[in-house]
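Enquirer: This is the structure I have questions about; it appears just below.
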């Protein structure tokens with residue numbers, strides 16, 4: 001089977017809440033689906049996700065894709081593309097103008113798995129049938145009331161591990177949020193914190209000490225300091241006591257390997273680029289380093305999480321994206337389960353294409369009438 005065509009659909013809609021961390025915030029989804037079409041009619045699906053900026057017109061997205069990505073995909077066999085190793089050097093090896101990288105890998109592996117009629121997680125060598133999910137609020141900008149609401153919902157859904165955003169200029173506000181979390185989900189919960197590079201190493205150690213003295217046992221601290229401060233990360237790993245240091249979200253494969261080589265993290269945070277994560281997973285296994293699967297679009301990363309024995313956790317952030325696909329992954333009792341259908345388990349909803357496709361940017365930034373619709377109830381699990 002060969003790849004013979006592609007389709008791109010642009011989506012834009014309001015989030016059901018303001019999400020964000022100590023550095024950014026976002027109240028709108030800007031995404032596009034990429035469908036790679038085989039000559040047998042099969043389709044591989046991937047998602048382009050732009051957190052901060054609006055994507056351009058659908059036609060422009062397709063034009064850029066046709067120019068920068070399609071020449072290396074057209075007529076190719078998906079299995080060959082999935083395993084192809086390219087030279088890192090050369091002026092043509094650079095980031096694309098739009099964030100296609102995750103979508104391309106997702107779509108290639110999806111159509112490859114379909115071509116041999118296997119669930120992707122089994123194709124990747126997975127033997128686990130579930131992985132623990134922790135509830136992540138993306139909650140830095142929420143009011144106390146809304147903060148408690150989302151974590152109460154997560155606890156009701158069966159989650160027993162929760163991650164909150166910290167890194168406020170007043171660290172007592174972070175302590176206050178931890179107090180609220182404990183009162184909402186109970187004192188036995190597993191608690192992670194994520195500062196999104198808000199601190200220095202000494203500020204991190206001080207914050208962890210304050211959290212402990214306030215009665216909060218922190219399971220891991222995530223991205224507390226800048227990603228390339230290897231000396232600072234090593235200091236934290238050695239000085240954070242029983243709290244694990246989780247980092248690497250913002251780094252590519254080479255950067256994550258450098259973290260492992262430098263002994264600068266207890267847990268490496270990986271995402272949704274399937275080929276890259278598998279490469280890193282093999283390396284982490286050799287070095288006996290744990291991985292955690294961070295946010296991936298619609299939790300497609302569950303295929304990686306169950307395929308790699310070093311992954312014990314997957315992040316679930318209650319983002320209202322579920323209406324984009326026909327069926328989401330099953331999450332119950334604090335675990336997420338991969339699909340047993342061929343491919344990665346997600347298929348684009350034609351209802352979503354009909355109702356939520358926005359070929360051109362809408363709202364204030366485009367100068368058009370604001371036709372955005374809140375989706376607080378759409379796609380809720």
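The values are calculated or read from the model by the stated rules, or taken from the named source; none is laboratory data. Here the structure is a predicted model, which is why all the values come from computation and not from measurement. Cβ coordinates were reconstructed from backbone atoms using ideal geometry, including for glycine residues, and neighbour counts include every protein chain displayed.
Enquirer: Scanning segment 326-338 for residues that are without any contact (Cβ under 8 Å) to a residue 60 or more places away in the chain and touching a helix residue (DSSP H, G or I) at 6+ places or on another chain (Cβ under 8 Å), which turns out surrounded by the most Cβ atoms within 10 Å (Cβ to Cβ)?
Expert: Here the residue is 329.
Enquirer: I would also like to ask the following. Mind telling me which of the residues 153, 173, 206 ends up being in contact with a strand residue (DSSP E or B) (Cβ under 9 Å, 6 or more places away or on another chain) and surrounded by fewer than 23 Cβ atoms within 10 Å (Cβ to Cβ)?
Expert: Of 153, 173, 206, the one residue that is in contact with a strand residue (DSSP E or B) (Cβ under 9 Å, 6 or more places away or on another chain) and surrounded by fewer than 23 Cβ atoms within 10 Å (Cβ to Cβ) is 153.
Enquirer: Criterion first (at pLDDT below 95, buried (at least 17 other Cβ atoms within 10 Å of the Cβ) and in a loop (DSSP other than H, G, I, E, B)) does residue 375 satisfy it?
Expert: For residue 375, the condition - at pLDDT below 95, buried (at least 17 other Cβ atoms within 10 Å of the Cβ) and in a loop (DSSP other than H, G, I, E, B) - is met.
Enquirer: With the structure loaded, tell me whether residue 49 is closer than 30 Å to residue 144 by Cα, in contact with a helix residue (DSSP H, G or I) (Cβ under 7 Å, 6 or more places away or on another chain) and in a strand (DSSP E or B) or whether it fails that test.
Expert: yes
Enquirer: Have a look at 217, 196 and point out the one that is surrounded by fewer than 20 Cβ atoms within 10 Å (Cβ to Cβ), in contact with a strand residue (DSSP E or B) (Cβ under 9 Å, 6 or more places away or on another chain), in the same structural domain as residue 315 (by TED's automatic domain parsing) and in contact (Cβ under 8 Å) with a residue 60 or more places away in the chain.
Expert: When all the criteria are applied, what remains is 196.
Enquirer: I'd like to know if segment 310-321 contains one or more residues that are assigned to a strand (DSSP E or B), under 26 Å from residue 28 (Cβ atoms) and out of contact with any helix residue (DSSP H, G or I) (no Cβ under 8 Å at 6 or more places or on another chain).
Expert: Within segment 310-321 (the criterion being assigned to a strand (DSSP E or B), under 26 Å from residue 28 (Cβ atoms) and out of contact with any helix residue (DSSP H, G or I) (no Cβ under 8 Å at 6 or more places or on another chain)), the answer is yes, since at least one residue qualifies.
Enquirer: Is it the case that residue 104 is surrounded by fewer than 16 Cβ atoms within 10 Å (Cβ to Cβ), under 17 Å from the mean Cα position of the chain (by Cα) and within 30 Å of residue 163 (Cβ to Cβ)?
Expert: no
Enquirer: Any idea how many residues of segment 128-146 are more than 17 Å from residue 187 (Cα to Cα), in contact with a helix residue (DSSP H, G or I) (Cβ under 6 Å, 6 or more places away or on another chain) and buried (at least 19 other Cβ atoms within 10 Å of the Cβ)?
Expert: Residues that pass the stated criteria total 3.
Enquirer: Restricting the search to segment 175-197, which residues are part of a loop (DSSP other than H, G, I, E, B) and touching a helix residue (DSSP H, G or I) at 6+ places or on another chain (Cβ under 9 Å)?
Expert: Those that are part of a loop (DSSP other than H, G, I, E, B) and touching a helix residue (DSSP H, G or I) at 6+ places or on another chain (Cβ under 9 Å): 186, 189, 195.
Enquirer: Quick one: in segment 52-67, of everything that is in a loop (DSSP other than H, G, I, E, B) and in contact with a strand residue (DSSP E or B) (Cβ under 8 Å, 6 or more places away or on another chain), which residue is surrounded by the most Cβ atoms within 10 Å (Cβ to Cβ)?
Expert: 55
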